[in-house]
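Reviewing the structure listed below.
The values are calculated or read from the model by the stated rules, or taken from the named source; none is laboratory data. Just so it is clear, the structure is predicted and the values come from calculations on it, not from any experiment. Glycine also receives a Cβ, built like all others from the backbone with ideal geometry; neighbour counts cover every protein chain displayed.
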Amino acid sequence: MRVFVFILLNFVIFVSCTYSKVTENEIKSIDPEKPEFLKSVTEKIFDKLISDGFDFPVGNANGGGSYMSVSDKVKYDGWYVSVKTAESYEMGLHTGEDWNGSGGGNTDFGQPVYSISKGLIIEAKDFGAPWGKVVVIEHRYIENAEVKTVFSLYAHLNEFFVSTGDTVLRRDTIATIGNADGNFYAHLHFEIRKSGMSQYNTDYWPSSDGKDAKWILENYEKPSEFIKNHRNLFVPANSEDLLVVIKSEYIMHHYKAGVIEKTYEIGLSQNPLGHKQERGDNRLPEGEYFIVEKSRGPFGGDFSAYFGPAWMRINYPNKYDAEAAFENGVISESEKNEIKRLFEKKLATPKNTALGGGIGIHGWAYEWELSGNRDLTWGCITMLNHEIDTFYDKIPVGCRILIYP
């Protein structure tokens, strides 16, 4: 596969074409002069090509439905996967899924192939046997506040409806199923490559290079599993209210429908570097959370004054924290499952596990100075008291908060 970092450097303008696509105005956030690693957090998360979810590449959005054969004009019901990721077969170890119409043979020849999500076409080329015509699309999506990249690959195609540099939307028709110029019965060879595969050529075949099944599973997604787990995704620009915290800058942005409403100066935890991983580490977590409780007090206990005029709880730990902690033997499976269950409902998660909890946004016992020490709390975000009072009224329970280093 070509080295994909060249895409944004060389991409200058999106040419017009005959199918539904993102317009030039809609993609104005993509700066062709700025490499991806130089973009700010907010530039990345508000990129107009951030995916809102993934669908299947053939049939209906769920990978089912009927089709009318082009060759025999017979209607067939359903689609199936004949070869799976890392499965051993006559050509070595498979790198994705082979999708076939239920009629078998060449009954699915000429059926539409759809983009699985919004993205940028980085390859549309005939590679000859055995790959035939191939389309590769770069997709970006947000998971636990991180902008991630995958590449969907569609091979053995008959017709192209896209060109390199085009942008596509979810379920745009990009091609039709082919047979690699007669080398196979008609089917769609479909891969989802992880971001690290950007250094490999499009026609790279791992088992011909001595790679084993473990390597393949480390570098390729299992397509159906990935799609099922990413059907509907969060897009920052579509959020009515969104908080974005950048710890290194001691600021918190409040966005409404993708536009900054206000930026707040904040204080952080006494141990401001790194993600919270255990009770008592005095760190502020990093990732994606929700505001789940609000209170103006009165607050009890020895440290009640440190809440200031208001308190807003964040549902740390989230499901990603729980999964990592379980894998590292920090929490039990039942604790992990309970955290996941509550987090997915945008509810408060347990604060009594080894991961700690009770994290939130609050005021302080006094009005701290912007020019002074701002590493104050035991793991929370603190705001100036005169600002949290109005902030409290603006931010609803259920508001998403993204916290970055």
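With respect to G128, is the statement that it is part of a loop (DSSP other than H, G, I, E, B) and under 22 Å from the mean Cα position of the chain (by Cα) true?
Criteria not met by G128.
I'd like to check something: does the range 259-275 contain any residue that is in contact (Cβ under 8 Å) with a residue 12 or more places away in the chain, among the charged types (D, E, K, R) and surrounded by 15 or more Cβ atoms within 10 Å (Cβ to Cβ)? There is no residue in the range 259-275 that is in contact (Cβ under 8 Å) with a residue 12 or more places away in the chain, among the charged types (D, E, K, R) and surrounded by 15 or more Cβ atoms within 10 Å (Cβ to Cβ). Of all residue pairs spaced 6 or more apart or on separate chains, those with beta-carbon atoms under 8 Å, a first member in the range 124-147 that is without any contact (Cβ under 8 Å) to a residue 12 or more places away in the chain and under 13 Å from T164 (Cβ atoms) and a second member that is in a strand (DSSP E or B) and of a type outside the set (A, V, I, L, M, F, W, C) are D126/K133.
So which strands (runs of 3 or more DSSP E) stay within the range 176-279 end to end and still have 2 or more residues that are under 19 Å from the mean Cα position of the chain (by Cα) and in the same structural domain as V134 (by TED's automatic domain parsing)?
Because the criterion is at least 2 residues that are under 19 Å from the mean Cα position of the chain (by Cα) and in the same structural domain as V134 (by TED's automatic domain parsing), the strands (runs of 3 or more DSSP E) in the range 176-279 that meet it are 188-194.
Residue check: A175 meets all listed conditions (1) buried (at least 17 other Cβ atoms within 10 Å of the Cβ); (2) closer than 30 Å to Y264 by Cβ but one, namely (2).
In the range 315-336, what residues are exposed (fewer than 14 other Cβ atoms within 10 Å of the Cβ) and either of a type outside the set (G, A, S) or assigned to a loop (DSSP other than H, G, I, E, B) (or both)?
Scanning the range 315-336 gives E327, N328, G329, S332, E333.
Checking each residue in the range 70-87 for being outside any loop (DSSP other than H, G, I, E, B) and touching a His at 6+ places or on another chain (Cβ under 8 Å) picks out S82, V83. Within the range 327-347, the residues that satisfy the criterion of being under 22 Å from the mean Cα position of the chain (by Cα) and more than 27 Å from I266 (Cα to Cα) are E327, K336, N337, I339, K340, R341, L342, E344, K345.
Annotation: of all residues in the range 345-395 being outside any loop (DSSP other than H, G, I, E, B) and of a type in the set (F, W, Y), the one that is farthest from G297 (Cα to Cα) is F391.
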